[in-house]
Amino acid sequence: MNDNRLRTHLEPTVLFVDMNSFFASCEQQDNYWLRGRPIAVCVYTGARGCVIAPSIEAKLRGVKTGMRLDEAMSICPELVPVETSPDRYRAYHVKLISVFKRFSDDVLPKSIDEAVIDLTRYQLAYKSMPEVAQRIKHAIRTDVGDYLRCSIGIAPNAFLAKLASTLQKPDGLVTISPANIDEVLGKLALTDLPGIGHAMATRLQAGTINSPLELRYASPDRLKLVCKSIIGWHWHLRLNFGGEVDLAAHAYKQMQAIRSVSTGQRQSLEQMTTILRTLCLTLERRMVHQKVFCRRLQGWVRYSNGKRYEDGLTFSIPMQDGIELFDLLCSRMQRYQEAHQCGPLLNADVRQIGMGVSDFMPAESVQYTLFEDNTRKDKFRETLNAIKERFGKNSLIRATELRGESVKDLIGFGSIKDLHEW
């Protein structure tokens, strides 16, 4: 299920579902008054808050993701700011995946608002893939939410299906096949292809590949040389129906937790410390859920002047406890301040705090020293997180979590691994 495969496949049997303005549509689904209005989902709804998801109506009025809220309001005075509701989006995501699995066992969630439905093994069951796509759209409206819309792309592989889903929004349905791929690619620029940003486009153009059509007809050896990696061969396979390279579900290589700091929060050292502790506990929860420990920790702070503080260290004994990670980061920040005779690293200029863990080891493989046995602590974390998952995140908390004010729950478009057991 959901495996990459290296064989020619010409039939458009892979569907890519992209929910349109997902966060905003979920808000409009649950609040009838918001329907038909331009709304902007924001983490914070102050003037300097950031729009993370405009509704379809807001997009038509020029509001874009990443705009400051005061700028968006100047463009669209009737804009309605709405604070994020992460639990709502997660719940709708789970409902959507449940609907998709009625049509195929081969469903791969790609993000909170995107999924691949592979129907390659179901060609005898479904005579018309566009008809299946219409049935999926209908099932979403009737069984998940009547105000939710999606664009569906159909193609022989996941990459081209994703590209097709971007070509007609909102509520689109587009098929890419060997019969029309040249016509489709001929209307696009390199940066219109998913996964090609300006840096990759510049590299391709330096190799005299200036358009998607030229990318399609370049030889695999030339593409590997221009891209300086096997990625060039992957592009050849995607655009020439030579195989599937985007369906594998990968395990965690790294986990990150990042928070932007609001104007009010950066005035309080306690609030910023609380944010850092929350990030550490978030990563603990993910590691417990995935049954892994980390052997590498990174922390960073970004400031309004563009400067950045970074720290990283490797452990001889793998770690999982969020409070231990938090204490370790704080002590290292304190030593940095003392060694360099500088002011507090968490100050009024902070714009973002983040941390990451990597180099994972399965929990059952962790060995302790002769003088340390953390079995009871590990079991406590596992039990604590199981209770939180079943009864709610605030059903049981440690005393260390009571310091400072609570930090608002956030969710990113890619934050779906914890919702699924691969």
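For the stretch 252-281, name all the residues that are buried (at least 18 other Cβ atoms within 10 Å of the Cβ) and among the charged types (D, E, K, R).
Passing the criteria: 259, 266, 277.
Can you name the strands (runs of 3 or more DSSP E) wholly within the stretch 65-121 that have at least 2 residues being under 16 Å from residue 152 (Cα atoms)?
Because the criterion is at least 2 residues that are under 16 Å from residue 152 (Cα atoms), the strands (runs of 3 or more DSSP E) in the stretch 65-121 that meet it are 107-111, 114-118.
Mind checking which residues of the stretch 223-247 are exposed (fewer than 15 other Cβ atoms within 10 Å of the Cβ) and charged (D, E, K, R)?
Scanning the stretch 223-247 gives a single hit, 228.
Any chance the stretch 122-142 includes a residue that's free of Cβ contacts under 8 Å to residues at least 40 places away in the same chain, farther than 22 Å from residue 56 by Cα and acidic (Asp, Glu)?
Yes, that holds for at least one residue.
Test residue 159 against the stated conditions and say whether it is of a type in the set (A, V, I, L, M, F, W, C), closer than 28 Å to residue 236 by Cα and touching a helix residue (DSSP H, G or I) at 6+ places or on another chain (Cβ under 7 Å).
Details: of a type in the set (A, V, I, L, M, F, W, C): yes; closer than 28 Å to residue 236 by Cα: yes; touching a helix residue (DSSP H, G or I) at 6+ places or on another chain (Cβ under 7 Å): yes.
Yes, satisfied.
Quick one: would you say residue 296 is outside the structural domain of residue 211 (by TED's automatic domain parsing), charged (D, E, K, R), modelled with pLDDT of 90 or more and touching a Gly at 6+ places or on another chain (Cβ under 8 Å)?
On the way: outside the structural domain of residue 211 (by TED's automatic domain parsing): yes; charged (D, E, K, R): yes; modelled with pLDDT of 90 or more: yes; touching a Gly at 6+ places or on another chain (Cβ under 8 Å): yes.
Answer is yes for this residue.
Residues in the stretch 138-166 that are more than 16 Å from residue 194 (Cβ to Cβ) and either at pLDDT below 95 or outside any loop (DSSP other than H, G, I, E, B) (or both): how many?
7
Can you tell me which condition residue 371 does not meet? The list is (1) in a loop (DSSP other than H, G, I, E, B); (2) modelled with pLDDT under 90; (3) surrounded by 12 or more Cβ atoms within 10 Å (Cβ to Cβ), and all the others hold.
Just one mismatch for residue 371, condition (3).
Pick from the stretch 331-357 the residues that are in contact (Cβ under 8 Å) with a residue 40 or more places away in the chain and in a loop (DSSP other than H, G, I, E, B): which of them is surrounded by the fewest Cβ atoms within 10 Å (Cβ to Cβ)? Break it down into steps so the answer makes sense when it comes.
Keep residues of the stretch 331-357 that are in contact (Cβ under 8 Å) with a residue 40 or more places away in the chain, which gives 344-357.
Remaining after also requiring in a loop (DSSP other than H, G, I, E, B): 344-349.
Values: 344: 12, 345: 20, 346: 23, 347: 14, 348: 14, 349: 14.
If we take residues in the stretch 331-357 being in contact (Cβ under 8 Å) with a residue 40 or more places away in the chain and in a loop (DSSP other than H, G, I, E, B), then 344 is surrounded by the fewest Cβ atoms within 10 Å (Cβ to Cβ).
What residue, among those in the stretch 239-275 that are hydrophobic (A, V, I, L, M, F, W, C) and in contact with a Gly (Cβ under 8 Å, 6 or more places away or on another chain), is farthest from residue 365 (Cα to Cα)? Outline the logic, then answer.
Here is the first cut: in the stretch 239-275, the residues hydrophobic (A, V, I, L, M, F, W, C) are 239, 241, 245, 247-249, 251, 255, 257-258, 261, 269, 272, 275.
From what's left, in contact with a Gly (Cβ under 8 Å, 6 or more places away or on another chain): 255, 257-258.
Working: 255: 19, 257: 25, 258: 29 Å.
Per the criteria, the residue is 258.
Of the residues that sit in the stretch 282-330 and are under 22 Å from the mean Cα position of the chain (by Cα), among the hydrophobic types (A, V, I, L, M, F, W, C) and farther than 18 Å from residue 253 by Cα, which one is surrounded by the most Cβ atoms within 10 Å (Cβ to Cβ)?
Only one residue tops the list, namely 301.
Condition test on residue 349, is it closer than 28 Å to residue 47 by Cβ, at pLDDT 90 or above, among the charged types (D, E, K, R) and out of contact with any His (no Cβ under 7 Å at 6 or more places or on another chain)?
Working: closer than 28 Å to residue 47 by Cβ: yes; at pLDDT 90 or above: yes; among the charged types (D, E, K, R): yes; out of contact with any His (no Cβ under 7 Å at 6 or more places or on another chain): yes.
Here the answer is yes, as residue 349 does meet what is asked.
Of the residues 260, 229, which is under 27 Å from residue 7 (Cβ atoms), out of contact with any Ser or Thr (no Cβ under 6 Å at 6 or more places or on another chain) and either assigned by TED's automatic domain parsing to the domain that holds residue 150 or at pLDDT below 95 (or both)?
Going through 260, 229 in turn, the sole match is 229.
Sort out which residues of the stretch 51-71 are farther than 23 Å from residue 166 by Cβ and crowded, with 17+ Cβ neighbours inside 10 Å, and write them in order of number.
Correct list: 69 only.
Any idea how many residues of the stretch 229-276 are touching a Lys or Arg at 6+ places or on another chain (Cβ under 7 Å), more than 25 Å from residue 107 (Cα to Cα), hydrophobic (A, V, I, L, M, F, W, C) and not in a helix (DSSP H, G or I)?
Counting residues in the stretch 229-276 that are touching a Lys or Arg at 6+ places or on another chain (Cβ under 7 Å), more than 25 Å from residue 107 (Cα to Cα), hydrophobic (A, V, I, L, M, F, W, C) and not in a helix (DSSP H, G or I) gives 2.
Could you tell me whether any residue of the stretch 150-161 is under 23 Å from residue 9 (Cβ atoms) and touching a Gly at 6+ places or on another chain (Cβ under 6 Å)? Before you say what the answer is, go through the steps one by one.
Residues of the stretch 150-161 that are under 23 Å from residue 9 (Cβ atoms), as a first pass: 151-161.
Narrowing the set further to residues that are touching a Gly at 6+ places or on another chain (Cβ under 6 Å) leaves 151, 161.
Yes, the stretch 150-161 contains at least one residue that is under 23 Å from residue 9 (Cβ atoms) and touching a Gly at 6+ places or on another chain (Cβ under 6 Å).
The values are calculated or read from the model by the stated rules, or taken from the named source; none is laboratory data. From a predicted model like this one, the values you see are computed outputs, not experimental measurements. With ideal geometry, Cβ positions are generated from the backbone for all residues, glycine too; neighbour counts draw on all protein chains shown.
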